[in-house]
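First comes the structure, then the notes that go with it.
The values are calculated or read from the model by the stated rules, or taken from the named source; none is laboratory data. Keep in mind it's a predicted model, so treat the numbers as computed, not measured. No Cβ is skipped: glycine too gets one built from the backbone with ideal geometry, and neighbour counts run over all protein chains shown. Side chains are part of the model used for accessible areas, which takes the heavy atoms of the whole protein and leaves out ligands, DNA and RNA. Shrake-Rupley method; radii C 1.70, N 1.55, O 1.52, S 1.80 Å.
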Protein chains: 2
Amino acid sequence: MNDRADKKAARATADQVAREANVSRVAVSRAFNPNASLKPEKRDRILQVARELNYTPDMAARSLVTGRSHLVGMIVPDVCSPWESQEIDALTTALQAEGFATLLFKVKADFSMDPRLLTYMRGFNPDSVIAFTENILPDVLCGFLDRAVPIYVIYDDVKQFAGAASGTLYDRLLVRQKNGIAQAVALLQGYGARRIAYLGGKAQSLANAERERTLKETLAERGMDAPIVLAGDYTYDTAYQATLDLFRIGDGADAIFAANDVGAFGAIDALRHELGLSVPDDVKVVGFDDIPQAHWKSYNLTTVRIDLDERVRALVRLILMRLRAPDAEPLTETLNTRLIVRGTVG
Amino acid sequence: MNDRADKKAARATADQVAREANVSRVAVSRAFNPNASLKPEKRDRILQVARELNYTPDMAARSLVTGRSHLVGMIVPDVCSPWESQEIDALTTALQAEGFATLLFKVKADFSMDPRLLTYMRGFNPDSVIAFTENILPDVLCGFLDRAVPIYVIYDDVKQFAGAASGTLYDRLLVRQKNGIAQAVALLQGYGARRIAYLGGKAQSLANAERERTLKETLAERGMDAPIVLAGDYTYDTAYQATLDLFRIGDGADAIFAANDVGAFGAIDALRHELGLSVPDDVKVVGFDDIPQAHWKSYNLTTVRIDLDERVRALVRLILMRLRAPDAEPLTETLNTRLIVRGTVG
DNA sequence: TTTGTGAATGAACACGTTTTCATTTTGTGA
DNA sequence: TCACAAAATGAAAACGTGTTCATTCACAAA
């Protein structure tokens, strides 16, 4: 009589639906499996009864027998980072449309992987795993997870991993940094920048290493001096402090190339609000990522874009391909970058 | 011989571990269940073998028999919103430490709930559900999910839901808006603000409605004029445009109270970079939330804080309480707000 | 030695589904 | 009408675990 009384009202089971609809339990199973052969009218009747009883197939039971959990694990160091939250949001939406749910696991900010986390995650038997932390060695992941699980390491560098595992067991999404960086350097040079500082990201970040390397390479090609390299960690506060140090302790620079947009924001604010310098008149600033905040008027940041839609489409394509053909050869998708010109250069 | 060959190397099962360790399969199960009675040396040996075989209990199978999935569902409209991503991040960390994994579901930005999503989510049998979209009526959720599943609706308003369901079946986290708003209004009045505009959030948002109501109430108590109410949706762009309209089409204001920090950013940028006005000299701005970006120097926003740590601690406390005692009476935790004074008022 | 108490043990069952396989029904052409 | 393929059907067997229950074991007290 009381609300608390029907708490025991467990979820309806396929047996109950079968009994109610005067069919076998197998028929119920088939009714929820589109490509199973079942008389249309029978299917309709079953689905009708199922709706009345508020029945949904139990994923755990289904997973047990089919071996597919319809779960995609995501390993994320920082959900708050605009870059990662964008990706989580878009991937979740796309995968949800294909019938997969997102299983979120958080790793420590310093990227140190807790082995128990991987063990724990493996218990859920995810159909696929996306690792956002670029410095988790794929081999480590492969060791803890099953070899049959496709693994995606986002934005690693071809060269870094070329010799890591002889036969790479995971699909990869690579980003060509060269294009956007070359455009940015050309623009900076055009505005007369000579002393360029590179405001780095996390030391362990492969993307950071690749950006620094590409920047050096590009500057050399154009006959410009090597950049002043500042240590960073992708955060606003660290970038802010590093910029202060550059101008107070060091000799300054006439352009700052930040490893990510948030770092660029920190640099801009330090220049404008603490050092009393003008951006772009005194110092030019370029970022990396083109997160939504980059177009906010206070920053209006010129930045190297890696298109979100392209990224997500490529990732989803990879994942679905792998889920449908687990034995296919590992695939590599390549993305390009390009400069988005706004107001922080000239 | 080839990597591809051992793809079939399925995950180790409890049976294999049992055989290898010369024990019964039940013993293996007990070895992984801390409070089961098992001779210590035997347990150690089993765990040792399990480690060698890289064995992990299958969550699906475990879920099937225990009825607990160790999954916590989160229904989120926008992972990119700093407010929500903070919460997801902190909750995931806290729940992970307690052995629960986060299952992420995304709903449309306009909060319209797709009933099929709820049905789908129910299939995963989450032990608990956290709904970030405050305007999902709890009754709708209760209808689709089982009554036995504890449901948390974050930041709803006591008054709104008082009469919704006679016996509320869900635990709640309430936020007292009054404190922070009263402090903000006092500060604004002290600096001589007279014409105050309220830059609203999503129309369907209960938190927005409650903030607007509380602001009006507070202004009236202090004998000030009712606020000019601007429609918004919590986004930067909308806030930016609404502010332009207020000053170009409307009669302007000498203070803007935004429903959230991101909206305040939009207002500040419109004032400074398009209308040529000074913040705080010409117009004062107050935000709501105190997201990390609020202390960025470009904005340096005075805002009403709802402490993240307090929020997460309270939520985790509620969830764990409910998981351990499903039959306990529905609980309500209450949080307070307070003003963080920075540079956008005076 | 006997009795009693609690821990340790394993066989059997249960969880809710999909899949296999053998059987029955339906539909089609001669 | 017959023959044959194709579609529809249900019984039974999995999937990998936790739990119940009756039994055995170890040890201390009588």
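For the reader, a short list of remarks on this structure follows.
- For segment B:273-302 versus segment A:255-319, the gap between their alpha-carbon centres in whole angstrom: 20 Å
- Accessible surface comparison of B:E20, A:E87, A:E274, A:E333, probe 1.4 Å, protein chains only, largest first: the order is B:E20, A:E274, A:E333, A:E87.
- Number of partner chain Cβ atoms within 10 Å, mean per residue of A:273-280: 1
- Averaging Cα coordinates gives a centre for segment B:207-221 and one for segment A:78-107; these two points are 35 Å apart.
- Set A:K178/A:K202; B:K108/B:K202; A:K106/A:K284; A:K297/B:K106 screened for pairs whose C-alpha atoms are more than 25 Å apart: A:K106/A:K284; A:K297/B:K106
- Label points for A:I228 are taken 7 Å from Cα along Cα→Cβ. From this copy to the others they lie 4.6 nm apart, shortest first.
- Net charge of Cβ neighbours under 10 Å - reference B:S298; Lys, Arg +1; Asp, Glu -1: +2
- Close amide-amide hydrogen proximity is noted between B:T302 and B:G287, B:R342, B:G343, B:T344, B:V345, each under 5 Å apart and 5 or more residues distant or on a separate chain (H modeled in the peptide plane; Pro and chain starts excluded).
- For B:R195, label point 7 Å along C-beta direction: distances to other copies, nm: 4.8
- Cleavage-rule hits, chymotrypsin sites (Phe, Trp or Tyr not before Pro), segment A:171-246, DSSP coil, Cβ neighbours within 10 Å at most 16: A:Y191
- Using the Cβ-Cβ distance between A:A325 and B:L47 with R0 set to 30 Å, the FRET efficiency works out to roughly 0.25.
- Relative contact order %, segment A:179-306, counting alpha carbon pairs below 8 Å whose residues are six or more apart: 25 percent
- In order along segment B:206-221, phi translates into HN-Hα couplings of 6, 4, 4, 4, 5, 5, 4, 4, 5, 4, 4, 4, 5, 4, 4, 4 Hz, rounded to whole numbers, per the Karplus curve 6.51 cos²θ - 1.76 cosθ + 1.60 with θ = phi - 60° and x for Gly and Pro.
- In this rough spin-label picture, where each label sits 7 Å from Cα along the Cβ direction, the B:R116-A:T13 distance is 2.8 nm.
- Cβ-vector label at 7 Å, A:L64, separations to other copies in nm: 0.3
- Compactness of the protein assembly as shown is given as radius of gyration and Dmax, 27.7, 84 Å, from Cα positions.
- Take every Cα pair under 8 Å whose residues are at least 6 apart in sequence, average their separation, divide by the length of segment B:5-57, and the relative contact order is 42 percent.
- Under 5 Å from the amide H of A:L199 lie the amide H atoms of A:L230, A:F257, A:A258, A:A259, each residue being 5 or more positions distant or on a separate chain, with H modelled from the backbone and absent for Pro and chain starts.
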